[in-house]
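Single-structure report; data block below.
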Amino acid sequence: MLRSSNPILSKQDAFTPAAPQQGQNPYAQQPHAQAPYGQQPGYGQPPVSTEPRMTFDDVITKTAVVMGVLVVSAALAWMLIPTSLYMPALILSGLVGFGVVLLVTLRRNISPPMVFLYAAIEGIFIGMFSKIFEMMYSGIVMQAVIGTFAAAGVTLAAYKFFNIRVTPKFQKVVIIATIAFAVAMLINFVGALLGFNLGLRDGGTGPVSLLAVGFSILGCVLAVLNLVLDFDYIEKGVAMGAPASESWRGAFGLTVTMVWLYVEILRLLSYIRR
């Protein structure tokens, strides 16, 4: 059974066309599923669902659209936001984007407008984040973009060709490690705002600490492992016949992970350039 933080994906029967309802005998549904044309189902029995199903092409298309919105938003922020507002825009968009991620994740049903809202807000964050690093290290943004898509492509190829299987134990370890990493980054961020730095993130200049390099490498590894989880969720969702609306959840998950991977690669490249 596919296990996920997604309450729909965690129920295998939810992805089965004409799945039986809880508490009902699945074999009692079969005569209604085979009823002749024009015959109504029995009283109390829902009609067979005709909702379109999730496909790989649909997920890829929606991911491209969401990423496109993010890139356009990032480009506009890069060009239009004045230098004096770089840091305020970076911090505000980062906090709001994080809140939107939590809001979308905790909802049972995916909301496409919320997904696009996340892409627009996160685009501002990525635009400002990239502009600051590009001002310090010319050409680093293009290197990070190429590195991000290369890492994602290699991960997808490895997942398919090496037939990687996501076990419950592997999933649990990755999720716990990701949550721990996010909490550590949040504590470090709050500490930086209050005037002290735990050393988990390094500034743009000066000597590079091994702790900061280690955490960026850890962030890249966790982002890649989360990509594996994303691919696994999407593949199993398609196999189980997930409703087409769930393709938005797959697109959202891939976008969030790709943004995280890009940020970590950009930081790591800045350490190497120094």
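The values are calculated or read from the model by the stated rules, or taken from the named source; none is laboratory data. Worth saying up front: this structure is predicted, and the values here are computed from it rather than measured. Here the Cβ positions follow ideal geometry from the backbone for every residue, glycine too, while neighbour counts run over all protein chains shown. The area values use the complete protein model at the heavy-atom level, side chains included, leaving out ligands, DNA and RNA. Shrake-Rupley method; radii C 1.70, N 1.55, O 1.52, S 1.80 Å.
Data for the structure
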quantity: For the stretch 182-221, average projected area of the Cα convex hull in nm²; calculated: 2.9 nm²
quantity: Order of exposure, largest accessible area first, which applies to Thr148, Thr61 with probe 1.4 Å; calculated: Thr61, Thr148
quantity: Cβ-Cβ FRET estimate between Ala64 and Phe196, R0 fixed at 51 Å, reported to 0.05; calculated: 0.75
quantity: Long-range HN-HN contacts of Arg53 with modeled amide H, under 5 Å; calculated: Ala244
quantity: Electrostatic dipole magnitude of the stretch 127-268 [Cβ: Lys, Arg +1; Asp, Glu -1; Cα centre; debye, to 20]; calculated: 220 debye
quantity: Alpha-carbon centroid distance for the pair the stretch 201-259 / the stretch 150-179, whole angstrom; calculated: 10 Å
quantity: Ser216 accessible area, assembled protein chains, probe 1.4 Å, Å²; calculated: 0 Å²
quantity: Distance cut-off 24 Å, percentage of C-alpha pairs in the stretch 71-179 lying past it; calculated: 45 percent
quantity: Cα-Cα over 32 Å, subset of Lys131/Lys169; Lys62/Lys172; Lys62/Lys131; calculated: Lys131/Lys169
quantity: Kirkwood Rh in Å, taken over all unlike Cα pairs in the stretch 220-274; calculated: 12.3 Å
quantity: Packing rank of 175-182, 53-60, where each peptide gets the mean count of other beta carbons within 10 Å, highest leading; calculated: 53-60, 175-182
